[in-house]
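I have placed the structure first, in the form of structure tokens, so that the comments after it can refer back to it.
No value in this document is a laboratory result; all are computed from the given coordinates. Being a predicted model, the structure only gives us computed values, none of them experimental. In this analysis, Cβ positions are derived from the backbone assuming ideal geometry, glycine residues included, and neighbour counts consider all displayed protein chains.
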Amino acid sequence: MAVEAQHIAVIGAGWAGCTAAVELTQAGHQVTLFEASRQLGGRARRVDIGETVLDNGQHILLGAYKQSLQMMRKVGMAPEQAMLRLPLQMNYPAGSGGMTFSAPRLPAPLHLLVALWRADGLQREDKLALARFSSAARWMDWRLNDDCSVSTLLERFDQTERLIQLMWRPLCIAALNTRPEQASAQVFLAVLRDSLGARRSASDMLLPRRDLSSLFPQQAAAFIEERGGSLESGHSIRQVRRDGQQWQLQSSDASQNFDAVVIATPPESAATLLEGSAELELLSALRSFAYEPITTCYLQYASSTRLPQPFYALLDDPDHAAWGQFVFDRGQLDPAQAGLLAVVISASSEAIVDGHQALGSAVAAQIATAFKQTQLAQPLWTQVISEKRATFACTPGLARPANDSGLEKLMLAGDYTASDYPATLESAVRSGQQAARELLLQLR
């Protein structure tokens, strides 16, 4: 039996909100997608600096991100063309004191065994420690009885100092945006389970060739509009309150009523919207998160500048102002950005203390030293972009709210909702899908 179409508001056009809006539209409902910004994507969006198109942060997706890839295809985006797919790798610039670790295109787990065997820069004890950890994690089914920090987990399994420095620490910071000393071991294991512990293609690294807004959010908005829904960008909602059997959305100059609502904003914004409607326990939970920043430093050089590979890991050393953790050659992803390097600094609160100009200079010096090319210390220009609340701090035992707000026909969506994943694009997409599923059950 067909369900009568309902008018549904989705507040927030990040990856979670866009996903929920697409799923609800596909189910036959009329969706209005609200976004306070003029640019779609939330904390993974396009940024225009003059005539230069950048992202507010450089991202890597994984082959394990099944739901993200599914949603891209649903709205007409072909991941095969939109992203560069590379096998799992953790390579440092030659002679920089790091390692080379590249997985061949072989079936799992053979691809990891061969990568480990071939790895340059790791000693025998490092390789044995990695093999021991992987074997134990599989035996435990990638689960812990009691969560602890990633550092504690690595200590329990006698991981070597060099392996932690070159492999586990950068992976933890990149995946959870939280330093190993404070990061949740259970969430880290979940990420490893779906990448290192799954089939070979799940561990592949996917580098976007196009800006993050056009990778999915803009295509999602078009999908919605083509099917009778609408996008209200530059439209800020200030409060959501019950009005009879409907929900009323109030902005600065108007109010609109809807049959159901999905709030897909950051949690503290969701709490503000629900003030006076939700239980105090939920409002408190939404306001309880601590946050970590992510900073991306863009450095433009002559268009002939090109790294030997599309991206590298970097040896960071905060004590000596070497902040960069990964560097990407954007010109190998998009020829229009030839000579543009993007250096990522996760959990970057200390890095940005002295300001963007000082950080840009320090990163350029670090790149020049790492690649032994003095000219890299003098880029044509730099642009530092810091997302100060990029993700929640992913600490052990962190309580995260459910998608169901406890209010009839009102769901929450976002990478912060209950999940075994950290704050990633994939967790945002999964949350949007779950919010849509639960709302559809209530609308039957």
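Cα-based values for the stretch 292-380, radius of gyration first and Dmax second, are 12.2, 36 Å. Basic side chains Lys and Arg get +1 at the Cβ, acidic Asp and Glu get -1 at the Cβ, and with that the dipole of the chain about its Cα centre reaches some 1180 debye.
Projected over all directions and averaged, the alpha-carbon convex hull of the stretch 44-137 occupies 9.3 nm². The GluC sites (Glu not before Pro) of the stretch 346-441 that DSSP puts in a loop, and whose beta carbon has at most 11 other beta carbons within 10 Å, are Glu350, Glu408. Relative to the dominant Cα principal axis of the chain, helix 217-226 is inclined by about 30°. The lysine pair tally for the chain, using Cα distances under 29 Å and a gap of 8 or more places or different chains, is 5. The residues neighbouring Glu4, those whose beta-carbon lies less than 15 Å from its own, together hold a net charge of +1 under the Lys/Arg +1, Asp/Glu -1 convention.
So how far, in whole Å, is the C-alpha centre of the stretch 241-284 from the one of the stretch 103-181? A separation of 43 Å, based on Cα centres.
Output the relative contact order of the chain, whole-number percent, from Cα pairs under 8 angstrom with separation of 6+ residues.
Numbers: 931 pairs, mean separation 101.1, N = 444.
After rounding, I find 23 percent.
Using the Kirkwood formula over every pair of different C-alpha atoms, what hydrodynamic radius in Å results for the chain? Walk me through the numbers on the way to the answer.
Working: mean 1/r = 0.0440 Å⁻¹.
Hydrodynamic radius (Kirkwood, Cα pairs) of the chain is 22.7 Å.
The stretch between Arg105 and Gln256 holds 49.0 nm of extra length on full extension. This uses 0.36 nm per residue minus the Cα-Cα distance.
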